[in-house]
Amino acid sequence: MATINENFLKLQAGYLFPEIGRRMRAFQAQNPDAKIISLGIGDVTQPLAPAIIEVMKKAVDEMGAAGSFRGYGPEQGYDFLVEAIIENDYNSRGVDLERSEVFVSDGAKCDTGNILDIFGLDNVVAITDPSYPVYVDSNVMAGRTGEANENGQFEKIVYMPCTAENNFIPDLPRSHVDIIYLCFPNNPTGAVATKEVLSKWVDFARSSKAVVLFDAAYEAFITEPDIPHSIYEIEGAKDVAIEFRSFSKTAGFTGVRCAFTVVPKQLKADTSDGRQVEVNPLWHRRHCTKFNGASYVSQAGAAAVYTPDGQKQCRQIIDIYMGNAVLIRESLGRLGYEVYGGVNAPYLWMKTPKGVSSWEFFDRLLQKANVVGTPGSGFGPSGEGYFRLTAFATPDNVKEAMERFATV
Ligand SMILES: *Cc1c(COP(=O)(O)O)cnc(C)c1O
């Protein structure tokens with residue numbers, strides 16, 4: 001008889017977004033005339049930039065001609081893309097990388113989950129609370145946790161609360177940890193880490209021989225000049241950090257699929273008998289064994305993001321979203337809400353009115369304003385009493401949603 005991986009049974013049943021969908025559909029069924037506006041899900045809405053489309057169409061034509069057809073590409077990604085990434089995202093910020101340190105993939109979500117394959121099951125994992133749900137769930141699936149308690153927190157994970165009291169920047173763990181997840185600009189809180197904050201974490205990881213898994217999926221949304229876009233802008237980070245990036249939010253690739261992960265050559269971790277091993281060759285082996293490369297058309301499109309037109313057009317699209325963020329911030333501020341984020345990230349993290357839980361606020365907003373957001377408690381217990389709004393809707397919808405917010 002085949003048996004299952006019972007770790008999957010530990011996962012929390014009701015996932016956040018299906019429950020939001022269920023409540024939305026129930027409301028719509030009872031109020032067929034209501035025009036619901038969603039500021040909920042973290043997906044982009046603007047179409048791909050014309051410079052990207054042009055290159056992708058050409059790539060499709062190449063695939064249709066005998067002389068230029070391509071089958072399997074290099075598992076790590078085509079040189080034309082890897083070189084564009086290194087030059088534009090890293091060299092421009094004073095960071096040198098070798099081609100073999102960059103791994104192109106079809107998504108940062110898969111990479112943040114898959115990276116766990118190469119680390120031992122006995123590592124103690126530290127995760128911010130609230131956080132992107134993938135970090136917790138992928139560790140549960142791998143068997144790195146015990147059962148969940150009544151708050152939905154898993155045994156053996158070290159949770160690092162992020163609230164208004166610490167400016168949504170986690171405090172250093174007081175107990176020993178081996179793997180640390182950091183995401184800046186943050187989903188869901190919209191917080192960013194200064195050079196000082198990141199230096200503190202890099203130093204901590206170096207002194208405790210921990211690895212930092214740094215999710216920088218939103219770096220393109222940083223508007224303030226002194227905020228690091230990559231953890232490798234911090235001295236010593238290459239010894240301890242793996243960085244995840246994605247074209248999903250940067251260039252609207254959520255439906256195209258292309259991302260990359262940087263694993264520096266100098267990053268090492270221990271064997272159980274205390275030998276130091278380079279991590280990069282392990283990830284290379286894992287990537288080449290279980291993955292066969294992102295599609296040529298996607299990679300061609302991703303490389304077009306770095307052309308002058310691609311850069312200009314992607315910037316214009318991000319500016320649309322960040323214009324929405326400013327409007328949400330200012331409107332809610334005028335209405336007396338406490339609002340965080342939205343300056344260097346497409347996420348706004350607002351405090352619910354006193355005594356109103358995240359889900360109660362969700363229902364109130366849906367019923368009174370026909371606006372949907374995401375209850376903060378869905379991202380972890382420290383998100384209770386908060387509510388996430390995203391800046392990804394169209395400007396007209398955001399404007400209307402803000403007018404309706406006044407009636408809540
Ligand atoms: C959207 C998002 C990603 C990107 O995931 P893809 O699989 O590349 O689309 C990664 N991390 C966070 C925190 C995100 O919100």
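Here are the numbers for the structure shown:
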{"quantity": "Test set (1) open to solvent by 20 Å² or more (accessible area, probe 1.4 Å); (2) part of a helix (DSSP H, G or I); (3) closer than 22 Å to residue 19 by Cβ - residue 353 fails condition number", "calculated": "(2)"}
{"quantity": "Search result, residues across segment 105-151 that are open to solvent by 20 Å² or more (accessible area, probe 1.4 Å), of a type in the set (Asp, Glu) and touching a strand residue (DSSP E or B) at 6+ places or on another chain (Cβ under 9 Å)", "calculated": "106, 147"}
{"quantity": "Test: residue in segment 191-198 that is of a type in the set (A, V, I, L, M, F, W, C), open to solvent by 50 Å² or more (accessible area, probe 1.4 Å), modelled with pLDDT of 95 or more and over 22 Å from residue 80 (Cβ atoms)", "calculated": "no"}
{"quantity": "Single condition residue 33 does not satisfy, out of (1) under 30 Å from residue 304 (Cβ atoms); (2) without any contact (Cβ under 8 Å) to a residue 12 or more places away in the chain", "calculated": "(1)"}
{"quantity": "Per-region count, segment 214-243, residues aliphatic (A, V, I, L, M) and either touching a Lys or Arg at 6+ places or on another chain (Cβ under 8 Å) or open to solvent by 10 Å² or more (accessible area, probe 1.4 Å) (or both)", "calculated": "7"}
{"quantity": "Selection from segment 217-258 of residues that are closer than 28 Å to residue 278 by Cα, among the hydrophobic types (A, V, I, L, M, F, W, C), out of contact with any Cys (no Cβ under 8 Å at 6 or more places or on another chain) and within 16 Å of the ligand (Cβ to nearest atom)", "calculated": "231, 241, 242, 244, 258"}
{"quantity": "Members of segment 277-311 found to be assigned to a helix (DSSP H, G or I), in contact with a helix residue (DSSP H, G or I) (Cβ under 7 Å, 6 or more places away or on another chain) and open to solvent by 40 Å² or more (accessible area, probe 1.4 Å), listed by number", "calculated": "282, 309"}
{"quantity": "Residues located in segment 100-110, provided they are more than 13 Å from the ligand (Cβ to nearest atom) and either outside any strand (DSSP E or B) or among the hydroxyl-bearing types (Ser, Thr, Tyr) (or both)", "calculated": "100, 101"}
{"quantity": "Failed item in (1) away from the ligand (no atom under 14 Å from the Cβ); (2) surrounded by fewer than 17 Cβ atoms within 10 Å (Cβ to Cβ); (3) not polar (S, T, N, Q), with residue 43 passing the rest", "calculated": "(1)"}
{"quantity": "Breaking point among (1) open to solvent by less than 30 Å² (accessible area, probe 1.4 Å); (2) more than 27 Å from residue 226 (Cβ to Cβ); (3) in a helix (DSSP H, G or I), for residue 332", "calculated": "(2)"}
{"quantity": "Among residues of segment 137-188, those that are within 16 Å of the ligand (Cβ to nearest atom), within 12 Å of residue 10 (Cα to Cα) and free of Cβ contacts under 8 Å to residues at least 40 places away in the same chain, counted", "calculated": "2"}
{"quantity": "Residue pairs meeting the criteria (Cβ under 7 Å; at least 6 apart or on separate chains; first small (Gly, Ala, Ser), in segment 105-116; second within 6 Å of the ligand (Cβ to nearest atom) and in a strand (DSSP E or B))", "calculated": "105/259; 107/246; 107/259; 108/215; 108/246; 108/259"}
{"quantity": "Residue match in segment 381-395 (condition: in a loop (DSSP other than H, G, I, E, B) and open to solvent by 50 Å² or more (accessible area, probe 1.4 Å))", "calculated": "yes"}
{"quantity": "Residue 36 being open to solvent by less than 50 Å² (accessible area, probe 1.4 Å) and closer than 23 Å to residue 402 by Cβ", "calculated": "yes"}
{"quantity": "Subset of segment 248-305 (residues that are within 21 Å of the chain's Cα centre (by Cα) and without any contact (Cβ under 8 Å) to a residue 12 or more places away in the chain)", "calculated": "255"}
{"quantity": "Spans of helices (runs of 4 or more DSSP H) in segment 11-99 with at least 2 residues β-branched (Val, Ile, Thr)", "calculated": "50-63, 79-85"}
{"quantity": "Qualifying residue in segment 217-228 (condition: in contact with a helix residue (DSSP H, G or I) (Cβ under 8 Å, 6 or more places away or on another chain) and either on the phi > 0 side of the Ramachandran plot or small (Gly, Ala, Ser) (or both))", "calculated": "yes"}
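Conditions tested, residue by residue: (1) more than 26 Å from residue 208 (Cβ to Cβ); (2) β-branched (Val, Ile, Thr).
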| residue | (1), (2) |
| --- | --- |
| 66 | yes, no |
| 81 | yes, no |
| 86 | yes, yes |
| 145 | no, yes |
| 149 | no, no |
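The values are calculated or read from the model by the stated rules, or taken from the named source; none is laboratory data. Every value quoted in this text rests on a predicted model; they were computed, and no experiment measured them. Cβ coordinates were reconstructed from backbone atoms using ideal geometry, including for glycine residues, and neighbour counts include every protein chain displayed. Quick note on the areas: whole protein, heavy atoms, side chains included, nothing else; ligands and nucleic acids left out. Shrake-Rupley method; radii C 1.70, N 1.55, O 1.52, S 1.80 Å.
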